[in-house]
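Note sheet for the following structure.
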Amino acid sequence: DQFRYNQLFENYTRALASLNEKQRTVFLMSRMEGLKYHEIAERLDLSVKAVEKRMNITLAFLKKALQEHV
């Protein structure tokens with residue numbers, strides 16, 4: 001189990017690093033800082049729709065990247 005966890009974490013880290021800066025920033029603000037979309041939008045001077053779009057693209061990419069390595 002520890003090996004599988006380490007492998008999954010490594011794949012996650014690699015996938016996260018391959019995101020463009022805009023996608024990675026929005027993802028980390030949401031998931032690591034716990035900010036809501038409207039808070040991210042305010043901080044980055046974006047519309048909430050732009051934040052939603054970046055998150056949707058990022059989540060789909062991460063899901064695909066992680067499924068390929070399971």
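The values are calculated or read from the model by the stated rules, or taken from the named source; none is laboratory data. Source: prediction; values computed, not measured. Positions of Cβ are backbone-derived with ideal geometry, glycine not excepted, and every protein chain shown enters the neighbour counts. Surface accessibility is based on the protein's heavy atoms, side chains included, excluding ligands, DNA and RNA. Shrake-Rupley method; radii C 1.70, N 1.55, O 1.52, S 1.80 Å.
Sorting ILE57, ILE40 on solvent-accessible area from highest to lowest, probe radius 1.4 Å, gives ILE57, ILE40. Placing a label point 7 Å from the Cα of ARG14 along the Cα-to-Cβ direction, the residues of the stretch 51-70 with a backbone N closer than 16 Å are 62-70.
Report the semi-axes of the equivalent ellipsoid for the chain in whole Å, largest first, where each axis is √(5λ) for an eigenvalue λ of the Cα gyration tensor.
For the chain, the semi-axes come out at 26, 12, 9 Å.
Considering only ARG54, ARG14, ARG24, the Gaussian network model of the chain with Cα springs below 10 Å gives its largest mean-square fluctuation to ARG14.
Listed by chain and number, the lysines whose C-alpha is less than 18 Å from the C-alpha of LYS64, apart from same-chain residues fewer than 8 away, are LYS53.
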